[in-house]
1. Take each of the peptides 12-20, 88-96, average the number of other beta-carbon atoms within 10 Å over its residues, and list them starting from the highest.
2. How high is the FRET efficiency between Ala110 and Val33 when r is their beta carbon distance and R₀ equals 25 Å, given to the nearest 0.05?
3. Any idea what the alpha-carbon Rg over 2.2 N^0.38 Å comes to for the stretch 1-142?
4. Just order 104-110, 136-142 by mean Cβ neighbour count inside 10 Å, highest at the front, would you?
5. Based on the Cβ-Cβ distance from Asp134 to Glu102, what FRET efficiency comes out when R0 is 35 Å, to the nearest 0.05?
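Readers should treat all values here as calculations from the given coordinates under stated rules, not as data from a laboratory. Just so it is clear, the model here is predicted, and its values are computed rather than measured. FYI the Cβ positions are ideal-geometry reconstructions off the backbone, even for glycines, and counts take in every protein chain you see.
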Amino acid sequence: MSDALALRAMASAFDAQRGKLPVPGDPHRSPDVVAVARQISELGKLITDLGDEVLFRAAGQDQAPHTARVMTSFAAAVEPAGEAASALGAVAHQLAFLKQTESLRDQPDARDAREAAVRVMEDALASADAALHDGANSLHSASATVSPSSVRLQAARSRSTTAMPAPGQLPSGVTTAVAAPSGQLARGR
């Protein structure tokens, strides 16, 4: 159960990073070099945390049957975290270029280059978003595969609209419908 919780917690960390991504044109979340650099640093910490999760399980003496699957899931999540950090590095690069060329923005060549920088930045932010989304989904899926089956079964039963109690567990006085040969329902006990 603790492995499933750890996987879900890491998936939530990916979701949280995704929620912090800058949004061009949004005055509350517009790209800013300091915020982007801070998020790159946070993604670096996330990668370190993923590595620590793998190391903790690899060095552990008591390994559950699903430990290798958990280690693989944490290790695989390093890639999308790295892709997101790399994409944010491109965003920081473009933001620095835009700041550097601010005074030249009215010149035709500079205007074209600045517009291209904005497009590159938008593509990089979309890539970071997709990578973080994929990483979170992968970790959420992995947590479902290592959850104790009884917990998954109970959860499935609670969601089911056709769940029936086990035979012999009907409360007294409850009758069930039984199909009669003529296609009409007959009441039984």
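1. Numbers: 12-20: 17.0, 88-96: 20.4.
So the order, starting with the most tightly packed, is 88-96, 12-20.
2. In this case the efficiency is close to 0.85.
3. Values: Rg = 18.3 Å, N = 142, 2.2 N^0.38 = 14.5 Å.
The reported ratio for this selection is 1.27.
4. On the way: 104-110: 10.4, 136-142: 19.0.
By packing density, highest mean first, the sequence is 136-142, 104-110.
5. Values: r = 35 Å, r/R0 = 1.00.
It comes to 0.50.
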